[in-house]
Amino acid sequence: MHELKQTRSPREQAFLVGVDWKRHPRGRYVSDAWPVEESLLELARLADTAGLEVVGQAVQSLARPHAGTFIGKGKAEEIAEQLRMLDASVVIFDDELSPRHQRELESLFGAQTKVLDRTGLILDIFALHADTREGALQVELAQYEYRLPRLTQTWTQQVLTRQAGGRAGGATGGVGLRGPGETRLEIDQRVIRRRISQIKEELDEVCAQRAQHRARRRRSGLPTVALVGYTNAGKSTLLNVLSDSDIYVADQLFATLDPTTRRVELPGGMVVLVSDTVGFIQKLPTQLIAAFRATLESLSEADLMLHVIDVSHPRAQAQAEAVYQTLQQIEAVDVPIINVLNKVDRLPDPEAARESLVDLADSVALSARTGYGLPALLECVEAALEAEMASLTVLIPFERGDLVSVFHKRGLIYELEHLPTGTQIEGRVPLEYLPQFEDFQVSR
């Protein structure tokens, strides 16, 4: 097993391998939502994001993985010949390989050929784009848990010394002191397990800090809106437009990983917190979902989610389904959702965008790049949040200025009047805040 190195000139040349599954490995028919050709196109974009140049590809039709080489020895030998002809040094499989498959293929292709699968490639991309300490820890954890069962005598020390600037590798300084019967591989595995435990402890602290931050935001009374979507759907561009920010945007997969939150004022005066999140993708590695739990937990606590969809993409429906499947995995399906059909400026008829995604209700056609549909989106967000609010008129004593502050921050004020006995407000507040105002309600 090898890690990819980000090279600029010349780039490493990669060869892609996909499988046209006739039946699921467990005997179930697979969905045709992602034909192998479409999935390989996405894999090519992932390879490009990782700094690789794709020079060829092959497809094998299978009913189940071959026990030894995943695609069968004959097909593997055919690919080995193509690798020599194309001078390709990296082979990337579109499905996750077992440790045995990886070892068999590396042996067949030769020591100079790197064998990766889709999961390993995505992990490498995340490692390239993790800019914060939290993001780096999350990716490092996912990489270790993925690679631990794939350790071999020949490359284990390279993995240990590369991770986290050599921190894990430094822990191997005493490997000469072996216990009875322990092999070098067993010692390296023990070192990695120890590092995994350390990372989990650090992430637990991060998780606790995030919980505290979310609690403070809840106490501030500001509604929270989370942006979710398939990678490269335009979430960061939309957040920039909504908040007049300059968050990094690039036309590539997983351009940004670390969450970003901005204040946004809606047309009626309500202020909300809008948070961007890491993009999703089909076959998103389970290791990443687990490692990014502290980041993704915020989705289940949001008041509203905006599901940003690249409606111009030929597999827009399949991408949307992949996002919903991931939301189910992290148990964030009970939050109200507005489907934002982005990039309609790329369509001949923007208003026909909804017709291409007939199964998605509560949708708004939008172009984050041009601003088309932005007023309609803001109105929908405000209406969705107001639907969870109650109308009331209250007379709040002057000594309860805290409640006036809550009404300003969390509610909508239609009319405010200062009377001799207190502050009278007519407006709406979220249902969860209604009990705080029950003693002060008056009739109009």
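Is it true that some residue in region 85-101 is more than 18 Å from residue 151 (Cα to Cα) and in a helix (DSSP H, G or I)? Checked region 85-101: at least one residue is more than 18 Å from residue 151 (Cα to Cα) and in a helix (DSSP H, G or I).
Of the residues screened, residue 410 is not one that is among the charged types (D, E, K, R), in contact (Cβ under 8 Å) with a residue 24 or more places away in the chain and more than 25 Å from residue 226 (Cβ to Cβ).
The residues in region 332-347 that are crowded, with 20+ Cβ neighbours inside 10 Å, more than 19 Å from the chain's Cα centre (by Cα) and free of Cβ contacts under 8 Å to residues at least 40 places away in the same chain can be counted, and the count is 1. The set of residues in region 214-239 being assigned to a helix (DSSP H, G or I), modelled with pLDDT of 75 or more and of a type outside the set (Gly, Ala, Ser) consists of 235, 237, 238, 239. Among the residues of region 407-441, those that are loosely packed, with under 13 Cβ neighbours inside 10 Å and over 20 Å from residue 384 (Cα atoms) comprise 415, 417, 418, 419, 420, 421, 435, 438, 439, 441. Scanning region 36-74 for residues that are part of a strand (DSSP E or B) and closer than 10 Å to residue 16 by Cβ yields a total of 6.
Looking across region 129-144, the residues that are within 13 Å of the chain's Cα centre (by Cα) and of a type outside the set (Val, Ile, Thr) come down to 129, 130, 135, 138.
The values are calculated or read from the model by the stated rules, or taken from the named source; none is laboratory data. If you're wondering where the values come from, they're calculated on a predicted model, not measured in any experiment. As a convention, Cβ positions derive from the backbone with ideal geometry for all residues, glycine included, and neighbour counts pool all protein chains shown.
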